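Colleague: Here's a structure for you.
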Amino acid sequence: MGVYETNGAAAIPSESRETAEDRRSRVLAERARQGDTEAFGELIEQHRHRVKGWAERMTGDPHMADDIVQDALIRAFLHIGTLHDSSRFLSWLHRIVQNQAYMRLRRGGPYRKEKPFAAFRPSETDGAHIEWNDLDDVLFHLTRSASKAAADDEHDPAEHLMRKELYETIHALLHCLSNKERGIFEAYFFRQLSPDEIASMYRTTTGTVYTYIHRSRRKLRSEQIRASLGLQPEKGGSTLVKSKRLELPAWPPHASASITLIDRIGLMLAALGDEHETAELMGLSGFAFRMQISDRTTFADGIYMFDWRKTVQQLLGRLGYETTLLCGQLSDSPVPLLGAVERFPVVLPIEEAVIPFIRKYIDQGATVLYFDTTVSRPYVHEWSLIYGYDDEEQAVRLTDVMKPGGKTLAYEDIASNPVRFLAAIDGRRNMDGASGPASPAIPRKPGAAAVRRRRIDAEQAIRFAIDYSKNRWAYCPMTTYLSYTTGLAAYERWIEHLRGGPDKPPNRYGLGQLAAVYANTRTYAAHYLRTVPFEGEAMRLALLASEAYEQAGEALAELSAAVPFVRAASVMTAEQCEACATLLEQARTFEAAAIEYLEKTIHYAEKEQLL
Amino acid sequence: MSHITEIRYLTEFQNLNNINDAIASFEREHPDVRVIVEQATDHYEALQAFNSDEAPDIIESGGWSLFNRPGMFVNLLPYVNEVPGLREDLNPGIMRIACKDGTLPGLPVDVSVPLILYDKEKFDRAGLPYPTEGWTWDDMMALGEKLTIRNERGVASQFGLGIGVDIEFFEPFIMRNGGRLIAPDGTARGSVDQPAAIEAFRKVTEAYRVHQIIRKPEEPSEAGELHEGFAMIFSFTWFTGGCLDHGLGDRFGVVGLPNMPGGQLANMIYMGAAGITSKSRNPRLAWEFLNHYNLRRPDAFRSARTLPITRSLAEQSGMAEHPIWSRYIQELDHVQISGFYINEKWNASRQLINEEINRMILEGADVAQTLRSWTRFA
């Protein structure tokens, strides 16, 4: 399947030899690799028994096997970000178990199974009072010691030493824990249970668990331990508190698109020196041709209903980039756009799970695509671009569609965003599938191959436009009470909402956004079709389609002028509704004509290919 | 001219006929009051409106999660207690779910429970007796097999049972088997992983895989819409009301959910609520309107798709005597609190769980192992 998505339940490529379990593991491992701790928890659930079996066979000692399982899972958790091929998760895990088993069999010794807290008392005294029966205090102390050791050693890369000591500390520390303490740690960091749930499970008070986790989190944050707790190692990053802000290129109003996902991706690429016309991105992504209206009323949520993960990865993949996503939803707050977010894993509102991701890419000179739910009015939520962070201020810099100078958001706000969706570019794909650094971009060479590529892209874009226009339900959320109408039928649904009468009036606020967004997309459809590399009759028909989209866009722009996108709760009169419906009928007529031209365009384009 | 007081009413619903009617009659009784209706797309926008400087006086939400938020709504019980006889009139089954820790954050709206609608024509055509109260799951499977009609290619033109793949729809069968998905304290461990839940879920998956009486996800079908090619339908009041509105009332009969081996009389309930926000400057007036809107207008239930929340409304609207609606109202005696009311993580994981149900149905994933793994969702 190409970059386009015409059906929310798109088929996963079938690999005959891959079992359902393998496939599930692969998907979970991929999610875990991208920082999804929930997925890692599922992997543990799925494979714990198998891991234990391996360890038992390797050691012949069930008790030692328990320790090895614990070791191996911790290490897997810490290093999952380094797993390159998610289909190899099990063999990768097997290697870790094997290494742990060998190490333990070699080591033996008095602390083979359990090491007392006292054994961790450092030989040097730093004067600080440490509560050795308080795990939090111990963790804090040991982490601080690791930082200090790293800072003192000029010859050893600080990050390396920090991580090494940190891993050893956590690793060793876990072996000092009672089963209950170990369970709490695992429940919180791996299974993401709430303190209430952990307290209930371990028959202790919520207050105790909550205090423990809260203090740990605060201290962990202060010592930069977070990168090690479930996140990918930050290559080249320093462990010191720091800040960085990237310069964004100019983004003139004529380049901007009201589909902010595409608009920000354009800016993201431009920041890497890879400039694309917005019309090209709108055409390639299919957003120039999409229209989706809620079946409920003129709420604007249909604009955002598509498979975010697939769309971003496929579009950027098509443009030659490898991407990494971080996504989730919080459970303690209502999420917007449930139909798009419904299958995101539930994550905890902890900064440790988000900020290192941002820091890593900003440090590499790459901006981070971010779904912002605090965007300025009249918007409710839009995609933005994070282009800086400041550890001291505990804040990131990001764009806001209503604030040309950008804005600042606290780390805490980023972590507590009910929808977690971040995407970053890792690098360019090479021909062999490997990825390279994200910047600078490789200039696209003009030539026969490039022209052929553009032609193929254009044909796919047009085929998408045709298919989409006829697909009434291009995106179907699993949430049964949410449904949307797409394609040309969306116009009919929209008109129906406008003619619903006083008992089912159109939502004025959503109507304003729908009109503004779809007027803009049709203008881009017209722009895009003027640039397609066809010849002869195919090109003539593409230009006719472009003209029809232009006219559809003009009718929608007239609608937008009549109901501007502002935060309004006013009730529209019957006459206003009818005037809007009439404009939509005009737009639909033009768009239907455009689709007919596109069908003929493809017909002639194929014919020309055969000649 | 007297001062006009505004009550701002935020709703997540798109059909405003009921609220508009209520406003018209309320404003006639209270000429110094204007009720302004605003809409929110979802719970998130409703919460944003609450958090803004211009919080509405009343929020009407299609779900319950906002009403679990501490401090967002005022407790309505003191107002309820001021109205003579109202406390006793409120349906005890609904109130059992709506009240938490001795408070009532909103008056329930959009109340619905599921029962089994059966298509009498299809039963008559097959020469089968209609199901009766006390029937069992095995009875339903046996009837469903006889009522599923497939062609030589195996494509069904009629299915024995119509039900969507949704954890929330299957939960009543677990309840009726004496199990739970989520314990009242919010934990899944010790509930969803227990034999009663596993047994009920195994039966549900067998209905797809062994008895083949339910359309599997994406299964080719010639059975048409739910009201067309399905002999029995797991039907909430919304669907049933639609059938009645379209004049199909005579074609369908209604019966309770089948008994499970666990032998419990239990069912789930969906509802939203309308509550007075803690930021309202006119909570008493807001209550007056809520009382009028939700409790004093039996006409709103004469052509309804949801259930009234008081016995008197059920009687005055005629629903208590209606051959189909009376059975739905009776079912309210047996409703239990579902997992999604209790645990927000579970609620938010609904579609991840549904994906796993699809795997059990389509790929035969092990039921016990899958349910045990669901402890991670709560």
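Quick note: the coordinates plus some simple rules give every number you see, no bench work behind them. Fair warning: this is a prediction, and the values are worked out from it, not measured in the lab. Virtual Cβ from ideal backbone geometry, glycine too; neighbours counted across all protein chains shown.
Colleague: Give, as ranges by residue number, the residues of the range B:57-91 whose backbone N falls under 17 Å from the point 7 Å along Cα→Cβ of residue A:481.
Modeller: B:59-69
Colleague: With +1 on the Cβ of every Lys and Arg and -1 on the Cβ of every Asp and Glu, and nothing else charged, how large is the dipole of the range A:451-610 about its Cα centre, in debye rounded to the nearest 20?
Modeller: On the way: 18 positive and 20 negative charges, 105 e Å.
The calculation lands at about 500 debye.
Colleague: Give the cross-link partners of residue B:120 among the aspartates and glutamates, using a straight C-alpha distance below 17 Å as the criterion and excluding same-chain residues fewer than 8 apart.
Modeller: Partners found: B:133, B:139, B:145, B:225, B:228, B:250.
Colleague: What is the sum of charges around residue B:105, taking Lys and Arg as +1, Asp and Glu as -1, for the other residues whose C-beta is under 13 Å from the C-beta of residue B:105? Intermediate results must be reported in sequence, preceding the final value.
Modeller: Details: positive: B:69, B:100; negative: B:60, B:101.
Net charge in that neighbourhood comes out at 0.
Colleague: Let me ask something else about it. Given charges of +1 on the Cβ of Lys and Arg and -1 on the Cβ of Asp and Glu, with all other atoms neutral, how large is the dipole of chain B about its Cα centre, in debye to the nearest 20? The partial results should precede the final answer.
Modeller: Working: 36 positive and 51 negative charges, 133 e Å.
My answer is approximately 640 debye.
Colleague: Taking R0 as 60 Å, what FRET efficiency do you get between residue A:450 and residue A:19 from their Cβ-Cβ distance, rounded to the nearest 0.05?
Modeller: Working: r = 41 Å, r/R0 = 0.69.
Calculated value: 0.90.
Colleague: Taking the beta-carbon count within 10 Å as an exposure proxy, list A:306, B:239 from fewest neighbours to most. Walk me through the numbers before you get to the answer.
Modeller: On the way: A:306 24, B:239 18.
Final ranking by Cβ density, sparse to dense: B:239, A:306.
Colleague: Hey, another quick one. Which aspartates and glutamates have a Cα less than 13 Å from the Cα of residue B:146, not counting those fewer than 8 places away in the same chain?
Modeller: Leaving aside aspartates and glutamates fewer than 8 places away in the same chain, those within reach of residue B:146 are B:124, B:138.
Colleague: Do any of A:470/A:600; B:216/B:345; A:403/B:279; A:310/A:403 go past 20 Å between their Cα atoms, and which? Spell out each step's value before the answer.
Modeller: Numbers: A:470/A:600 15 Å; B:216/B:345 27 Å; A:403/B:279 30 Å; A:310/A:403 29 Å.
Table pairs above 20 Å Cα-Cα are B:216/B:345; A:403/B:279; A:310/A:403.
Colleague: Give me the distance in nm between label points sitting 7 Å out from Cα along the Cα-to-Cβ direction at residue B:320 and residue B:225, one decimal.
Modeller: 3.4 nm
Colleague: Provide the gained length on full extension for the span residue A:573 to residue A:410, in nm with one decimal, where the gain is 0.36 nm per separating residue minus the Cα-Cα distance.
Modeller: On the way: separation 163, 0.36 × 163 = 58.68 nm, distance 4.29 nm.
Additional length available on full extension: 54.4 nm.
Colleague: Now, a different point. From the residues B:77, B:98, B:128, which one has its Cα farthest along the dipole of the range B:76-177 in the positive direction, the dipole being from +1 and -1 charges on Cβ of Lys/Arg and Asp/Glu about the Cα centre?
Modeller: The one lying farthest along the dipole's positive direction is B:128.
Colleague: Which one of A:25, A:77, A:97 is farthest out on the positive end of the charge dipole of the range A:20-107, using unit charges on Cβ (Lys, Arg +1; Asp, Glu -1) and the Cα centre as origin?
Modeller: Of the candidates, A:97 comes out farthest on the positive side.
Colleague: Averaged across the residues of A:342-352, what count of C-beta atoms belonging to other chains lies within 10 Å of each residue's C-beta? Before the final figure, lay out each step's value.
Modeller: Numbers: counts 7, 6, 4, 4, 10, 1, 1, 0, 0, 0, 0.
Neighbouring Cβ atoms belonging to other protein chains average 3 per residue here.
Colleague: Let me ask something else. Taking 56 Å as R0, compute the FRET efficiency from the Cβ-Cβ separation of residue B:155 and residue B:185 and round it to 0.05. Intermediate values should be presented prior to the final figure.
Modeller: Working: r = 47 Å, r/R0 = 0.83.
Given R0 = 56 Å and the Cβ-Cβ separation, E is 0.75.
Colleague: Now for a separate question. With the Cα gyration tensor of chain B giving a ≥ b ≥ c as the square roots of its eigenvalues, does the rule (a/c under 1.5 for rounded; else a/b larger than b/c for prolate; else oblate) give rounded, prolate or oblate?
Modeller: Numbers: a/c = 2.13, a/b = 1.59, b/c = 1.34.
The shape class here is prolate.
Colleague: Same structure again: Among B:262, B:31, B:295, pick out the residue whose Cα is farthest towards the positive end of the charge dipole of chain B, where Lys and Arg carry +1 and Asp and Glu carry -1 on C-beta, about the Cα centre.
Modeller: B:262
Colleague: Based only on other Cβ atoms within 10 Å, what is the fewest-to-most ordering of A:291, B:95, B:141? Mind showing how you got there, number by number?
Modeller: Working: A:291 30, B:95 16, B:141 19.
The most exposed by this proxy come first: B:95, B:141, A:291.
Colleague: Still on this structure, please answer the following. Antiparallel versus total DSSP beta bridges in chain B: what percent is that, nearest 5?
Modeller: Numbers: 23 of 40 bridges.
Rounded to the nearest five, the antiparallel share is 60 percent.
Colleague: Still on this structure, I have one more. Assuming R0 = 60 Å, what is the FRET efficiency of residue B:265 and residue A:245, from their Cβ-Cβ distance, to the nearest 0.05? Present the calculation step by step, with values, prior to reporting the outcome.
Modeller: Working: r = 64 Å, r/R0 = 1.06.
So the FRET efficiency works out to roughly 0.40.
Colleague: Averaged over A:326-335, how many beta carbons belonging to a partner chain fall within 10 Å of each residue's beta carbon?
Modeller: Values: counts 0, 0, 1, 3, 3, 10, 6, 7, 14, 5.
That average works out to 5.
Colleague: Additional query: If you add up the charges near residue B:123, with Lys and Arg at +1 and Asp and Glu at -1, over every other residue whose beta carbon is less than 15 angstrom from its beta carbon, what do you get?
Modeller: Net charge around residue B:123: -1.
Colleague: Just how large is the dipole of the range A:20-107 about the Cα centre, in debye to the nearest 20, putting +1 at every Lys and Arg Cβ and -1 at every Asp and Glu Cβ? Spell out each step's value before the answer.
Modeller: Details: 15 positive and 13 negative charges, 64 e Å.
Here the range A:20-107 has a charge dipole of around 300 debye.
Colleague: Rank the residues B:82, B:54, B:171 as a footprinting-exposure proxy: fewest other Cβ atoms within 10 Å of their Cβ go first.
Modeller: B:54, B:82, B:171
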